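Step one of this worksheet: look at the structure below.
Laboratory data are not the source of any read-out in this text; all were calculated from the coordinates shown. Bear in mind the structure is a predicted one, so any value in this text is a computation, not a measurement. Cβ: placed from backbone, ideal geometry, glycine included. Neighbour counts: every protein chain shown.
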Amino acid sequence: MNLRIERFVLGAIQENAYALFDDAHKEAVVIDPGADPEPLIEAVRGYRVAYLLLTHAHFDHIAGLEALKKATGAPILIHPQEAGWLRDPELNGSAFFPDLTARVVAPNADRPVEDGDVFPFARRTLKVLHVPGHSPGSVAYLIDEVVFTGDALFAGGIGRTDLPGGDHAALLRSVREKLYPLPPETRVYPGHGPETTIGRERTSNPFVRG
């Protein structure tokens, strides 16, 4: 059974939202629904959405969460360190960028995710990796040979750490200890920009070398 992945570039900050599809069973998972999520909602229409997964709670990754929740009824999952950010525009950052976004007040999470948690999808296992640094509750989601890294690791870059709760040293540790040990062929789907691989970033990322 093939897992189908679609990327949706959403909002003013060009955030990457993802939908994972199990076409055989008409089930889906959504990761980081950003602003103006209508194309994403349309794509999952007719599927049972099992989870709305959040890599972290910055506004550009959660601005479409209320619309997705209303459209699908799926449970919202986030690390508990950022559960309170969903409804707080200062913590999620939307209060500080009025030229880019309205103040974001998203729905509450339905359940927490912790490092090492696993849950089923498409006869596979989704695994949670806690990767703090960009924000304290940042997580990545690993399924098969694919990892969704949020704003922890990009193609040729890493997330900013100058926002509240950011910690540059912690982010470097997260990349080195949680992401770089993954097999080199693991495909990286980041929160912004193009996909890459763990092997490519280990050897060429100028911020964190393996």
FRET efficiency for Ala102 and Glu42, using Cβ-Cβ distance with R0 set to 22 Å, rounded to 0.05: 0.50
Under the Karplus relation 6.51 cos²θ - 1.76 cosθ + 1.60, θ = phi - 60°, what is the ordered set of whole-Hz ³J(HN,Hα) values for region 135-147, x standing for Gly and Pro? 8, x, x, 4, 9, 10, 10, 10, 9, 6, 10, 9, 10
Which pairs, out of Lys26/Lys127; Lys69/Lys178; Lys26/Lys178; Lys26/Lys69, put more than 24 Å between their alpha-carbon atoms? Lys69/Lys178; Lys26/Lys178
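Cα-based Rg of region 138-210 per 2.2 N^0.38 Å, rounded to two decimals?
Details: Rg = 11.0 Å, N = 73, 2.2 N^0.38 = 11.2 Å.
It is 0.98.
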With each pseudo-label sitting 7 Å past Cα toward Cβ, what's the Arg124-Glu195 distance in nm, one decimal? 1.0 nm
Range of Cα positions in region 1-43 per principal axis (Å), largest first: 35, 15, 11
Name the residues whose placed amide hydrogens come within less than 5 Å of the amide hydrogen of Thr55, ignoring near sequence neighbours (fewer than 5 apart) on the same chain. Asp32
Here region 18-30 yields Karplus 3J(HN,Hα) values (6.51, -1.76, 1.60; θ = phi - 60°; whole Hz; Gly and Pro given as x) of 10, 10, 9, 10, 9, 5, 5, 10, 6, 10, 8, 10, 10
So for region 71-209: antiparallel DSSP bridges make up what percent, rounded to the nearest 5? 70 percent
Theoretical ellipticity at 222 nm over the chain - DSSP helices of four or more residues, -39500 (n - 2.57) apiece, nearest 500: -4000 deg cm²/dmol
Output ³J(HN,Hα) for region 150-162: one whole-Hz value per residue in order, computed from phi by the Karplus curve 6.51 cos²θ - 1.76 cosθ + 1.60 with θ = phi - 60°, and x for Gly and Pro. x, 9, 7, 9, 10, 5, x, x, 9, x, 6, 10, 9
The chain - percent relative contact order, Cα under 8 Å, separation 6 or more: 14 percent
For Arg48, what residues show an amide H to amide H distance below 5 Å, using hydrogens built from the backbone and excluding near sequence neighbours? Glu27, Ala28
In nm², what is the average projected area of the convex hull enclosing the Cα atoms of region 4-204? 9.9 nm²
